[in-house]
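Visitor: This is the structure I have questions about; it appears just below.
The values are calculated or read from the model by the stated rules, or taken from the named source; none is laboratory data. Since we're looking at a predicted model, the values are computed, not measured. When we count neighbours, we look across all protein chains shown, and the Cβ atoms used for this are built from the backbone with ideal geometry, even at glycine.
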Amino acid sequence: MGVENFALGFIVNPIAGMGGAVGLKGTDGPEVLKRAIELGAKPVAPERARKFLMELQPLKEKIRLVAAAGLMGEDEARECGFNPVVIGERKEETTPEDTRRAAAEMKKLGVDLLVFCGGDGTARDVLDAVDMDIPVLGVPTGVKMHSAVFAVNPKAAARIAIRFLWGELPLKEGEVMDVDEEAYRAGRLSAKLYGYVMTPYEPTLLQGMKIPSSVAEDELENKRAIARYVVENMEPGVIYIVGPGTTTRPIAEELGVEKTLLGVDLICDGELLARDVNEAEILSKIRGRKAKIIVTPIGGQGFIFGRGNQQISPSVIRMVGKDNIIVVASKSKIMGLKKLRVDTGDPELDDLLRGYMRVIVDYGEEAVVPVE
């Protein structure tokens, strides 16, 4: 495979990720999309698609870009100076079937790599259409991304694509996972393995599959010890923005308040101030107040922002300040991670957050971990 005849398939799910900042934990289905729009959700996928394509610009004369029509990739490609081969017809409202149809057509055309912008639901649609017949790579754009087919961010996806183009990367089987969104919104995380696709393998740029938390007693006691330490050091009058996860939930339990497992909650002076909040609600509550953010990295991936907690948006993080971010993780989780990761969608903020962060790993015990 040579650079001169490399065919790159490109599909954008234009609604992927819209449920994140407004706290809907996904955008699967027309009713959820309607609700997201009513709550003020804005498109996320087009900008992340453009970030990916802009990284490919030096090679745009050498790549044969095959894009889905209109909002599903063609528009972003043309905006970035590409002259794509267009698959399908432009539609103002798109469906999963449109993704499956475009991916199947790209498979027939024999593209060398199919890049999609979306989340786990889009990954499933692509899997249904191409199985393991052509290589697939995801640009992370959704709310929930448990699958091992996503690059860590759009720029990393472009680097993987270019290296694969030059024949520098092998292929591996990447797991395609997804969760039941209705159960997810109700606070029950039920992830299921749907199958595998072939994915270019670059472990430093490709995210792993989400690893569920252990329920061993020593792990649970470790989390309770972290919770006691965090609670004992909480400051009066400060609003604590508590992210999702089984490591943050014991903090609420230590205070005797009920936390949403998969949502973001606000706690102040030991009381639940607001439950399962979205970005707008967080900003309205913390404006003019001192606030701190408590988050835990995703097991197996290391993300502290940009995966499943998009309610804690760049605007929220900037208002709170880097020095007021508290990261908590059990010892076993942190041992399985070489680094923490951020993918807020704001490159300048990501750069600000990179470096090193202290992570509370037990009562009075911290680890210093690099952030990329």
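Visitor: Looking at Glu31, Glu97, Glu93, Glu89, which one is surrounded by fewer than 16 Cβ atoms within 10 Å (Cβ to Cβ), at pLDDT below 70 and not basic (Lys, Arg)?
Guide: Glu31
Visitor: Check the stretch 106-114 and report whether any residue there is farther than 13 Å from Leu8 by Cβ, under 21 Å from the mean Cα position of the chain (by Cα), surrounded by 24 or more Cβ atoms within 10 Å (Cβ to Cβ) and not β-branched (Val, Ile, Thr).
Guide: No, that holds for no residue.
Visitor: Still on this structure, I have one more. Six or more apart or on different chains, Cβ atoms under 6 Å: show the pairs whose first residue is in the stretch 82-97 and free of Cβ contacts under 8 Å to residues at least 40 places away in the same chain and of a type in the set (Ser, Thr, Tyr) and whose second is surrounded by 12 or more Cβ atoms within 10 Å (Cβ to Cβ) and not in a loop (DSSP other than H, G, I, E, B).
Guide: Final answer for the pair search is none.
Visitor: Might you let me know whether the stretch 128-147 holds any residue that is modelled with pLDDT under 95, assigned to a helix (DSSP H, G or I) and surrounded by 23 or more Cβ atoms within 10 Å (Cβ to Cβ)?
Guide: no
Visitor: Do you know which of the residues in the stretch 306-358 that are acidic (Asp, Glu) and under 14 Å from the mean Cα position of the chain (by Cα) is farthest from Gly208 (Cα to Cα)?
Guide: Asp346
Visitor: Ile251 - would you say it is in the same structural domain as Asp362 (by TED's automatic domain parsing), assigned to a helix (DSSP H, G or I), surrounded by 22 or more Cβ atoms within 10 Å (Cβ to Cβ) and among the hydrophobic types (A, V, I, L, M, F, W, C)?
Guide: Spelling it out, Ile251 is indeed in the same structural domain as Asp362 (by TED's automatic domain parsing), assigned to a helix (DSSP H, G or I), surrounded by 22 or more Cβ atoms within 10 Å (Cβ to Cβ) and among the hydrophobic types (A, V, I, L, M, F, W, C).
Visitor: Could I ask something else about it? Residues in the stretch 359-367: is at least one out of contact with any helix residue (DSSP H, G or I) (no Cβ under 9 Å at 6 or more places or on another chain), at pLDDT 95 or above and in the same structural domain as Pro244 (by TED's automatic domain parsing)?
Guide: Within the stretch 359-367, one or more residues are out of contact with any helix residue (DSSP H, G or I) (no Cβ under 9 Å at 6 or more places or on another chain), at pLDDT 95 or above and in the same structural domain as Pro244 (by TED's automatic domain parsing).
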